[in-house]
Amino acid sequence: MERRDFFRLLAGTTTALGMARTAGHVYAQTVRPTPSCPDGSEPTPRQTEGPYFKPASPERASLLEPGMSGARIVVAGVVRLANCQPVPRALIDVWHADDRGDYDNAGYRLRGHQFTDDQGRYRLETIVPGVYPGRTRHFHLKVQAPKGPVLTTQLYFPGEAANASDPIFNRELVLREVASMVAIGLAVGVPLALALARIVQAQLFDLSATDPAAIAGAAGILALVALLAGYLPARRATRVDPMLALRYE
């Protein structure tokens, strides 16, 4: 199994895009997959299933239940083979702690499995897991192509203080954020625009090339375009029924 961006985690508003909000507090920024099928990809790291795995979880695309606390998130994407071909009917089994860091060992709360559609797509609704002693915030999952072996691994959140002290943590399984890429683009673009101020000013009438309002407006438009670029593929992914994706080899 090669490493890729198994999924897209979106946070910010409770919309069909899968953005998460709790008590008015935004948990995270938009997260994007890593590049698809890069040359020289390393196999997806295997990790222990831990002591809390239970077989025979219910088949469902949403782990949410009435009265459940915690920031809600949607995880969506595509399961692919090492050659980039999508994997239809791939089994994805997920389990994780609740927002207090506790697992349901008596029942199947925050446990479930589903199968990718004909194009290898999945979508999962759940909550952001809590941390508990010795572990950082994470999801557990098993992925299996039809009649293939099982890959057991874990997925981690970026920017968690406990990542540094978790002995199982693997940075190759950390999600990357789209919002950070937007910030980088603006950080590079705005200085370049200022550097070309004389050229811009010669083309404008009754407007300074370094006008703060104009620069702020341009930056806002660039940010909006970047976010829309992430919105469209996420919208397509949320129209289907499956979850946490890994590339299977």
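FYI, it's all coordinate maths here, none of it is from the lab. Owing to the predicted nature of the structure, the values given are computational and were not obtained by experimental measurement. Glycine gets a Cβ as well: all are built from the backbone with ideal geometry, and neighbour counts include every protein chain shown.
Using the 10 angstrom Cβ neighbour count as an exposure proxy, how do LYS54, LYS142 rank, fewest first?
Details: LYS54 14, LYS142 20.
In order of increasing Cβ crowding within 10 Å: LYS54, LYS142.
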- Message: If neighbour count is taken as other Cβ atoms inside 10 Å, put TYR156, TYR52, TYR122 in order from fewest to most.
- Response: TYR52, TYR156, TYR122
- Note on the structure: Whole-Hz Karplus couplings 3J(HN,Hα) for segment 157-170, θ = phi - 60° and coefficients 6.51, -1.76, 1.60, Gly and Pro as x, run 9, x, x, 7, 4, 6, 4, 5, 9, 7, x, 9, 3, 10
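Arrange ILE92, ILE221, ILE73 by Cβ neighbour counts within 10 Å, fewest through most, would you?
Details: ILE92 25, ILE221 10, ILE73 22.
If I rank by nearby Cβ atoms, fewest first, I get ILE221, ILE73, ILE92.
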- Message: If amide hydrogens are placed 1.01 Å from N in the peptide plane, which non-local residues have theirs closer than 5 Å to the one on ARG123?
- Response: MET243
- Message: What are the ³J(HN,Hα) couplings of segment 120-135, residue after residue, when phi is run through the Karplus curve with 6.51, -1.76, 1.60 and θ = phi - 60°? Round to Hz, x for glycine and proline.
- Response: x, 8, 9, 7, 10, 9, 7, 10, 6, x, x, 9, 9, x, x, 10
